[in-house]
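Remarks on the structure that follows.
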Amino acid sequence: MATNTFGRRGTVAPAPRASFQAAAAPAAIEKPSSSEEALFADNKLLADIPFLTIGLIFGLLLIFVLQRSLAIDIARDGDIDVRSLIAQGASGYDLVVGRGEWWRIGLAPLLHGSGWHLVSNCVALFIVGVRLESLIGRGWFALIFVAGALAGEAGSLLGNGPGTVGVGASGAITALIAALFVASFDPEADADQTISRLKTSLFFGVPALLPMAFGASGNVNYYAHAGGAVAGAALAVTPWLAFWSYDSLPRSASMTLLAGSIGSLICAGFAAAHYSAYMADAAHYIRASEVPVKADEMVSRSLDLVTRYPKDARAHVYRAVFFLEQADINAAEREARTAMSLAASDVAGGPVRSGAQGLMAVLLWVQGRTSEAKAMAAEPCRAKMPEVRRILQKSKLCG
């Protein structure tokens with residue numbers, strides 16, 4: 001994908017004011033720096049084809065194919081095993097800050113957890129890229145993508161709690177969505193263009209950001225979305241403030257993209273050096289395809305799973321549920337506390353820890369230890385786990 005210029009046009013004189021529509025220079029003074037640049041400058045059809053967007057999509061597809069080939073296991077729903085994602089470069093507070101593995105910041109935005117995760121991101125990237133890339137130029141587009149990926153990682157690390165692991169290009173894509181929203185207000189665009197850009201940016205931007213206002217839960221990394229959106233909007237408004245002229249943007253942005261690519265390759269080298277150790281550790285945890293789906297399966301298989309995977313907190317949670325159903329409260333409490341301890345030291349144990357604490361709160365409540373139960377329930381009540389919260393609210397343990 002090497003190219004001499006990422007801009008839409010050849011070298012032109014900057015417009016009298018900053019704008020997302022560069023002013024057309026007279027043909028007599030336009031001097032493309034290369035035959036390739038001249039080709040894009042003289043052929044509007046080629047200039048409007050989102051080559052960079054298409055290239056990014058193919059790159060993400062190839063990386064995902066490699067991910068699947070290196071994964072230790074694939075879940076029944078097609079998700080890549082979380083231990084494989086950690087070995088491949090997924091990020092999280094415990095991994096990046098706790099263990100000092102900062103190289104994950106350069107890899108996590110290029111990874112995806114499932115085929116559906118990848119497809120949904122690529123669809124958004126393509127639709128937004130078709131409208132934005134030709135509007136602001138390939139160089140500016142690349143710069144926003146790279147900056148959005150890094151800002152998304154920063155938002156994820158700041159917003160998500162310990163024990164949470166994340167991957168995905170959504171931070172970078174949300175940056176492009178925010179940039180398209182800002183670009184929609186270009187006064188040189190006609191009404192139809194403005195409406196089309198606004199509709200596209202709002203169609204993807206609202207569901208990417210609005211749930212944060214309502215305490216969003218689930219597996220979507222809204223903090224990465226927020227970080228990317230802030231970076232994209234800030235960069236998109238920069239030309240309006242005349243900090244840079246259009247004739248300097250392609251070169252500076254292409255250097256940023258090159259630096260980002262080199263940085264990711266260096267990060268991949270660190271990942272390769274740690275890969276075997278993380279994959280060896282993955283053998284101590286229940287594989288994705290073995291995780292029970294239904295409650296009765298969790299109970300019936302609990303002894304087998306806790307015997308084969310004593311280091312996995314989930315196995316002890318299943319065993320605690322088994323003992324609870326057998327009315328053996330002491331054994332259930334013992335297993336729940338073991339699960340809490342194991343999850344606390346696990347870089348991917350955040351959700352399991354909240355579940356174990358919720359179960360422990362219920363066990364204390366059953367024994368009439370109401371004050372202890374409410375104290376134990378405080379953290380899982382704040383956690384973004386609807387099922388755990390619903391059980392605790394039913395027992396009136398969430399205030």
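Every number in this text was worked out from the coordinates using simple rules, so none of it is lab data. The structure displayed is predicted, hence computed values, not measured ones. Glycine gets a Cβ as well: all are built from the backbone with ideal geometry, and neighbour counts include every protein chain shown.
General remarks:
- Pairs of Cα atoms nearer than 8 Å and 6+ residues apart set the relative contact order; for the stretch 292-394 it is 18 percent.
- Amide H contacts under 5 Å for Ser91: Gly166, restricted to partners 5 or more places along the chain or on a different chain, H placed in the peptide plane at 1.01 Å from N.
- Three principal axis lengths of the stretch 292-394 [C-alpha, angstrom, descending]: 35, 32, 23
- What separates the Cα centres of the stretch 251-316 and the stretch 47-72 is a distance of 21 Å.
- From phi via Karplus (6.51, -1.76, 1.60), per-residue ³J(HN,Hα) for the stretch 140-157 in Hz, x at Gly/Pro: 5, 4, 5, 4, 5, 4, 5, 5, x, 4, 5, 5, x, 5, 4, x, 5, 5
- Lysine pairs with alpha-carbon atoms under 24 Å apart, the stretch 292-394, spacing 8 or more or separate chains: 6
- Within a straight-line Cα-Cα reach of under 15 Å, Lys396 can be paired with the following aspartates and glutamates, leaving aside sequence neighbours fewer than 8 residues apart in one chain: Glu372, Glu379, Glu387.
- The order of Trp365, Trp116, going from fewest to most other C-beta atoms within 10 Å of their C-beta, is Trp116, Trp365.
- Karplus 3J(HN,Hα) series, Hz, for the stretch 109-126 with 6.51 cos²θ - 1.76 cosθ + 1.60 (x for Gly, Pro): x, 9, 9, 9, x, 7, x, 5, 4, 5, 4, 5, 5, 5, 4, 4, 4, 5
- Cα-Cα P(r), the stretch 42-176, percent of pairs per 5 Å interval: 2, 11, 19, 21, 18, 14, 8, 4, 2, 1, 0
- q = 0.14, 0.16, 0.17 Å⁻¹, the stretch 133-222: log10 I(q)/I(0) [Debye, one scatterer per Cα]: -0.56, -0.71, -0.78
- From phi via Karplus (6.51, -1.76, 1.60), per-residue ³J(HN,Hα) for the stretch 225-239 in Hz, x at Gly/Pro: 4, 5, x, x, 4, 4, 5, x, 5, 5, 6, 5, 7, 4, x
- Enclosed volume per residue, in Å³, of the convex hull spanned by Cα atoms of the stretch 125-171: 69 Å³
- Base-10 log of normalised Debye intensity for the stretch 56-133 (one unit scatterer per alpha-carbon) at q = 0.11, 0.19, 0.25, 0.26 Å⁻¹: -0.32, -0.84, -1.14, -1.18
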